[in-house]
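Since the structure comes first, as structure tokens, the remarks are kept for the end.
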Amino acid sequence: MNLTLKIWRQKNANAKGKMVDYQISNVSPDMSFLEMLDVLNTELIEKGEEPVSFDHDCREGICGSCSLYINGEAHGPDRLVTTCQLHMRKFKDGDTIYIEPWRAKAFPVIKDLIVDRSAFDRVQHAGGFISVNTSGNTQDANAIPIEKANADKAFDAATCIGCGACVASCKNSSAMLFVSAKVSQFALLPQGQVEATDRVMNMVNQMDAEGFGNCTNTGACEVECPKGISLENIARMNREYLKASFKG
Ligand code: SF4
Ligand code: FES
């Protein structure tokens, strides 16, 4: 396939960015999207030009670092896949592909297609953990019975990889889907109850302090989430927050 790529180039956080056109040929439909960008970068390096900076790590859909806005959709046109698992067969010969970084005030651009997602780390630090004594007196996991339905929902919430596609897809740049997944994975389990009140208050307060917008129930986050995290988690987080507010 021969393609035209329109890629956001920005030297650093303070520089003014712009879209730059690139032509790329002989793209195999079996290449992943990131492999296609690797080919482009090899060509740019051979020509003595600056390669395009983009985030990636596992390339297996588990680390959440490959954050690209492709043709106006977070992680591109496929469903339930990350950018690293998107394949070029989803595009046609002659296509023009727009490639941009996540667009959200709380995720400032560092360079080209790389954004700073440390806001998510700070939300996690505010409460995305449980305090467990691991000094050798740890209780056997099977000693705490957990209803199957809750175990499944907690597991589903825990599959959130923190990629930020939910924020990038939301017209308000809301992080509610991410934060609610992190709250839900503990709220549904007995192990999460000890710190439940502080957790939801602290994580929501940190989310607001980072400058993420509010949820207005549009649902774009759920559609674009590569892990299929359900909006049901946002409803659960709102209930947890209300409960915690009454406890003071
Ligand atoms: S909720 Fe989905 S889109 Fe948002 S960070 Fe988690 S995996 Fe990514
Ligand atoms: S590179 Fe890890 S999820 Fe894509």
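The values are calculated or read from the model by the stated rules, or taken from the named source; none is laboratory data. Quick caveat: nothing in here was measured; it's all calculated off a predicted structure. Every residue, glycine as well, gets a Cβ built from its backbone with ideal geometry; the counts of neighbours run over all protein chains shown.
Observations on the model:
- Checking each residue in segment 200-242 for being hydrophobic (A, V, I, L, M, F, W, C) and within 16 Å of ligand 2 (Cβ to nearest atom) picks out Cys225, Ile229.
- Residue within segment 83-106 that is crowded, with 21+ Cβ neighbours inside 10 Å and within 9 Å of ligand 2 (Cβ to nearest atom) present: yes
- Test: Asp152 is under 30 Å from Ala13 (Cβ atoms) and either in the same structural domain as Met36 (by TED's automatic domain parsing) or out of contact with any helix residue (DSSP H, G or I) (no Cβ under 8 Å at 6 or more places or on another chain) (or both): no
- When Cys163, Cys221, Cys170 are checked against the criterion of being within 16 Å of ligand 1 (Cβ to nearest atom), at pLDDT 95 or above and in contact with a His (Cβ under 9 Å, 6 or more places away or on another chain), a single residue qualifies: Cys163.
- Close pairs from segment 1-20: first exposed (fewer than 14 other Cβ atoms within 10 Å of the Cβ) and assigned to a loop (DSSP other than H, G, I, E, B), partner hydroxyl-bearing (Ser, Thr, Tyr) and modelled with pLDDT of 95 or more, Cβ under 6 Å, at least 6 apart: Asn2/Ser25
- Residue match in segment 161-178 (condition: surrounded by fewer than 18 Cβ atoms within 10 Å (Cβ to Cβ), basic (Lys, Arg) and touching a helix residue (DSSP H, G or I) at 6+ places or on another chain (Cβ under 8 Å)): yes
- Checked against the criterion of being touching a residue at least 60 places away in the same chain (Cβ under 8 Å), under 28 Å from Ser65 (Cβ atoms) and either of a type in the set (Ser, Thr, Tyr) or not assigned by TED's automatic domain parsing to the domain that holds Val81 (or both), segment 178-188 has no qualifying residue.
Residue-wise test of (1) under 19 Å from Val20 (Cα atoms); (2) touching a residue at least 60 places away in the same chain (Cβ under 8 Å); (3) acidic (Asp, Glu); (4) in contact with a helix residue (DSSP H, G or I) (Cβ under 9 Å, 6 or more places away or on another chain).
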| residue | (1), (2), (3), (4) |
| --- | --- |
| Val39 | yes, no, no, no |
| Thr42 | yes, no, no, no |
| Gly48 | yes, no, no, no |
| Phe54 | yes, yes, no, yes |
| Ile62 | no, yes, no, no |
| Tyr69 | yes, yes, no, yes |
| Ala74 | no, yes, no, yes |
| Leu80 | no, yes, no, no |
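- Selection from segment 50-82 of residues that are among the β-branched types (Val, Ile, Thr) and away from ligand 2 (no atom under 15 Å from the Cβ): Val52
- Number of positions in segment 64-121 that are in a strand (DSSP E or B) and within 16 Å of ligand 1 (Cβ to nearest atom): 5
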